[in-house]
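Here's the structure, in structure tokens; my notes come after.
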Amino acid sequence: MDDRDVPVWPLIRGLTEHDRDELLGMGRRRRYRRDEVIFHEADRADSVHLIERGHVASCAFIETGETVTYRVFGPGDTFGLLALQSGVARRYGTTIALDEVVTLVIDAEHLRSRCLGNAAMGQVLIDLLATEVRAFAAALVEALFVPVEVRVLRRLTALAHLYGRGEAGTVIPLTQEGLAGLAGTSRASVSKVLKGLEEANIVERRRSAVFVADPEALAWAAAHAPGGSLSPP
């Protein structure tokens, strides 16, 4: 793989060139079609995925029969880290390709053994897992104490960066149900926020997608809501 094509995955950040090449050399490239399931909930967790191209969603199926999207990953992200625990690990959720996806798949057992024998790799892995724990803890606190409107705006802002680096004209190809799952709220609440943004000419609702017309105003709204106005003075 050419250096220009290597995303800056947290798993390789800070490693020497030798260690990075050794780690990436353990991987095998896999391609997935849009809507293809990468793995199902409760599948045996035996590998870690590093995303080269495309986006994937981690979903959970709840007792009502609904599907809740709780995480979206893009290029440079790593998913499937629970596979690194000792013993027979199982996948926590179902992960689905949202578009054409290419990942580098690394066998979890090989990765564990390399980390045990290489202090630098081991520390990188510890730091990565600690970052994941902090992210889940922050998401829990946000779900409990942050108003719904703010959560929706934050998710939209993050997705605008994930899909288009925060540039005007970015299309977020998620349904309102998908956005609701990410924000931990209902479709009706998402629809209400999107309506306000649309009236302020910040976004445009499209079929199973959101078009971001003014990402700066969206980021401003996420930083300042709830304050009544969805556009800067």
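The values are calculated or read from the model by the stated rules, or taken from the named source; none is laboratory data. The structure presented is a predicted model; accordingly, all values stated were derived computationally and were not measured. Please note: Cβ atoms are built from the backbone with ideal geometry, for glycine as well, and neighbour counts cover all protein chains shown. Each accessible area value is taken on the protein alone, full model and side chains, heavy atoms only, with ligands, DNA and RNA left out. Shrake-Rupley method; radii C 1.70, N 1.55, O 1.52, S 1.80 Å.
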Report, in debye and to the nearest 20, how large the dipole of the chain comes out about its Cα centre when Lys and Arg carry +1 and Asp and Glu carry -1 on their Cβ. 360 debye
E167 accessible area, nearest 10 Å², 1.4 Å probe? 110 Å²
Degrees, to the nearest 10: 215-224 long Cα axis against longest axis of the chain: 80 degrees
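What's the extension gain from I62 to Q123 if we count 0.36 nm per residue and subtract their Cα-Cα distance?
Values: separation 61, 0.36 × 61 = 21.96 nm, distance 3.56 nm.
Taking I62 through Q123 to full extension adds about 18.4 nm, to one decimal.
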Once all protein chains are kept in place, Y92 shows an accessible area at probe 1.4 Å, nearest 10 Å², of 150 Å²
Working out 0.36 nm times the residue gap between D35 and D21, then minus their Cα-Cα distance, what length gain in nm do you get to one decimal? 1.9 nm
If I take every Cα pair under 8 Å that is 6 or more residues apart in region 1-76, average their sequence separation and divide by the length, what percent do I get for the relative contact order? 29 percent
Where does the Debye-calculated log10 I(q)/I(0) of region 123-233 sit at q = 0.18 Å⁻¹, using only Cα point scatterers of equal weight, no solvent? -0.87
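Count neighbours as other Cβ atoms within 10 Å of each site's Cβ, and list the trypsin sites (Lys or Arg not before Pro) in region 1-101 that are DSSP loop with at most 12 such neighbours. Don't skip to the end; give the middle numbers.
On the way: sites: R4, R13, R20, R28, R29, R30, R31, R33, R34, R44, R53, R71, R90, R91; in loops: R13, R33, R34, R91.
Answer by residue number: R13, R33.
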From the residues I62, L98, I51, which one has its Cα farthest along the dipole of region 1-123 in the positive direction, the dipole being from +1 and -1 charges on Cβ of Lys/Arg and Asp/Glu about the Cα centre? I62
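Just by accessible area at a 1.4 angstrom probe, what is the order of R165, R134 from largest to smallest?
Numbers: R165 195, R134 150 Å².
The ranking, largest first, comes out as R165, R134.
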With every protein chain present, what accessible area does E52 have (1.4 Å probe, heavy atoms only), rounded to the nearest 10 Å²? 40 Å²
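Could you grab the relative contact order for the chain? Cα pairs under 8 Å, six or more apart, rounded to a whole percent.
Working: 407 pairs, mean separation 42.8, N = 233.
Computed value for the chain: 18 percent relative contact order.
Under the 0.36 nm per residue contour assumption, what length would be gained going from the current alpha-carbon distance of A158 and E199 to full extension? Walk me through the intermediate numbers first.
Working: separation 41, 0.36 × 41 = 14.76 nm, distance 2.09 nm.
Gain on extension, A158 to E199, equals 12.7 nm.
For I126, I12, what's the largest-to-smallest order of accessible area, 1.4 Å probe? Provide the component values of the computation, followed by the final result.
Values: I126 100, I12 15 Å².
Order by accessible area, largest first: I126, I12.
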